[in-house]
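Shown next, in structure tokens, is the structure this report addresses.
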Ligand SMILES: [Zn+2]
């Protein structure tokens, strides 16, 4: 599998062996993650060669947690943290499975952001529907 460092050499300089399968979430979020990596890459390109961020920026983990995307990093600056926050917010409106518009949904004890069809197929219920039901 293609390594991410080939596509984003600066972003993944401290994660040289990462591929898309290192990302612990489903494919629906790859579009927003690609947008994030591209933004970080572009930002790192603008920094001086000896900058601390350029040298130390490391992605610790990218995963789904409580239905939202979580991006854990070290050595980032405010620009990168802003982009990460934005991406994590975006994930709450995008189906983790297929990438179209989704909402927070519950299946058993699990929460995921899913679209209507992925909810149906995987036996999840959108939380907004649950509220409607309990309100009568
Ligand atoms: Zn879906």
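Read-outs: derived from the displayed coordinates by stated rules, not from any lab. Owing to the predicted nature of the structure, the values given are computational and were not obtained by experimental measurement. Here Cβ is always computed from backbone atoms with ideal geometry, including for glycine, and neighbour counts include all displayed protein chains.
Compared with the dominant Cα axis of the chain, that is its longest principal axis, helix 78-91 is turned about 20°.
For the pair residue 20 and residue 51, a Förster radius of 41 Å applied to the C-beta separation gives a FRET efficiency near 0.90, rounded to the nearest 0.05. Computed from label points 7 Å out along Cα-Cβ, the spacing between residue 38 and residue 72 is 2.8 nm. Against the main long axis of the alpha-carbon atoms of the chain, helix 30-46 sits at an angle near 20°. Between residue 100 and residue 129, the modelled label-to-label distance comes to 1.5 nm, taking each label 7 Å out from Cα in the direction of the beta carbon. For the pair residue 82 and residue 63, label points projected 7 Å from Cα toward Cβ lie 2.9 nm apart. Normalised by the number of residues in the chain, the mean separation of alpha-carbon contacts (under 8 Å, six or more apart) gives a relative contact order of 19 percent.
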